[in-house]
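These notes concern the structure reproduced below.
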Amino acid sequence: MIPGWLQPLALSALAVLLALALHFVIFLVLGRILRRVDGLSSAEALRKLRGPTRWLLLALALSAVQPALGLDSRAALAWSQIARLVTPALFGWLVIALVGWGFAVIQARTDISAPDNLSARRRRTRANILHRVAVFVISLATLCLILMGIPAVRNIGVTLIASAGLVGLAVGAAAQPALKNLVAGIQMAFTEPIRIDDVVIMDGEWGRIEEIRLTYVIVNIWDERRLVVPISRFLEDSFQNWTRTTSQILGTAFFHVDPAVDVPRLRARLEEVVAANDKWDGRVVGLQVTDTAPDHLELRALVSAADAGKAFDLRCDVREAMMAFIRDEMPWAITRRRGEVTLRRQTDGLSAA
């Protein structure tokens with residue numbers, strides 16, 4: 001027979017053990033189900049859900065046996081107050097974990113490393129933004145439920161409501177930039193001016209969209225710097241997006257050569273150089289005279305590549321190979337400054353003027 005003073009502890013321990021056993025059975029069954037889900041290991045999913053579900057089951061089990069514990073009025077009131085705070089927090093944690101699991105599934109099923117990754121980047125970008133919005137909304141709703149469980153907060157007097165309204169207006173005015181970027185982030189999820197891994201020119205910098213947060217965007221600059229841009233700028237200001245509809249892109253390389261150069265010969269050499277380069281996608285290659293001057297011609301080599309990174313490297317390879325060809329095979333085509341030399345006779349000999 002269990003002593004009377006020990007019965008509440010024994011009942012609580014039994015409730016905890018039953019909750020842990022139920023948790024174990026649930027995740028045993030869930031693990032077998034998730035093994036059939038492609039794109040995400042069951043271990044990853046279970047890792048995200050195990051913590052919140054364990055604590056939620058423990059809280060529910062203890063709340064269920066609370067009437068049988070024989071607590072006095074003061075202890076029962078304290079128990080009720082703690083439950084009102086803990087239960088919404090645990091439910092919010094569980095919902096956020098479920099949302100994070102769904103986002104992880106989408107990430108695992110969208111491969112943005114493929115050459116033609118426009119659709120994958122679109123899905124990942126939208127999922128990334130909506131995931132952050134959902135976490136923010138769930139966290140805000142959870143906080144409101146927790147505050148509603150505190151009588152001192154819930155039963156605010158009418159006289160304080162007017163003051164709270166004025167404070168709310170002041171806070172809203174002060175937080176206007178943040179709210180503006182928040183709304184812009186939600187709008188971006190559907191209008192999609194940029195996506196994850198897009199190549200953009202922002203503030204004169206070439207880089208890729210590395211991360212889209214709720215209020216700002218991280219641009220990975222080519223030299224490994226990071227440009228932090230408020231998300232509203234992508235909706236209000238103009239910028240260059242090199243991969244808006246496709247990753248394919250054209251690249252140019254300019255040469256300044258002597259006006260007497262054999263352009264068809266250079267064009268044939270360019271085609272040979274580009275055809276032998278594995279960064280060329282086989283679509284476009286050409287050489288055109290784009291400008292003339294008394295002392296030089298401007299030639300533009302136009303080439304194509306599967307993405308912006310390969311196009312940049314291909315342009316560099318074309319410049320190097322073409323300048324080496326001009327140096328070795330056509331050195332007279334290198335641009336030189338021309339001047340006029342006149343001779344005049346002086347008493348002490350000839351001098352150049």
Check your understanding: Looking only at residues in the range 168-216 that are among the hydroxyl-bearing types (Ser, Thr, Tyr) and surrounded by 12 or more Cβ atoms within 10 Å (Cβ to Cβ), which one is modelled with the lowest pLDDT?
Key -> Thr215
Practice item. Could you check, for the range 235-257, whether at least one of its residues is surrounded by 13 or more Cβ atoms within 10 Å (Cβ to Cβ), under 26 Å from Val133 (Cβ atoms), in contact (Cβ under 8 Å) with a residue 60 or more places away in the chain and in contact with a Gly (Cβ under 8 Å, 6 or more places away or on another chain)? Key: no
Point to revise | Subset of the range 258-280 (residues that are surrounded by fewer than 19 Cβ atoms within 10 Å (Cβ to Cβ) and more than 20 Å from Glu329 (Cα to Cα)) | key: Asn277, Asp278
Practice item. Output the residues belonging to the range 292-312 that are buried (at least 20 other Cβ atoms within 10 Å of the Cβ), outside any strand (DSSP E or B) and free of Cβ contacts under 8 Å to residues at least 60 places away in the same chain. Key: Lys310
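Looking at Leu71, Leu6, Leu11, Leu46, can you tell me which residue is aliphatic (A, V, I, L, M), under 34 Å from the mean Cα position of the chain (by Cα) and modelled with pLDDT under 75?
The conditions single out Leu46.
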Review point. Based on what the data block shows, is Ile201 of a type outside the set (Gly, Ala, Ser), within 30 Å of Ile129 (Cβ to Cβ) and under 14 Å from the mean Cα position of the chain (by Cα)?
Key: no
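The values are calculated or read from the model by the stated rules, or taken from the named source; none is laboratory data. Computed from a prediction, not measured in an experiment: that's the story for all the values here. A quick note on method: Cβ atoms are made from the backbone with ideal geometry, for glycine too, and the neighbour counts reach across all protein chains shown.
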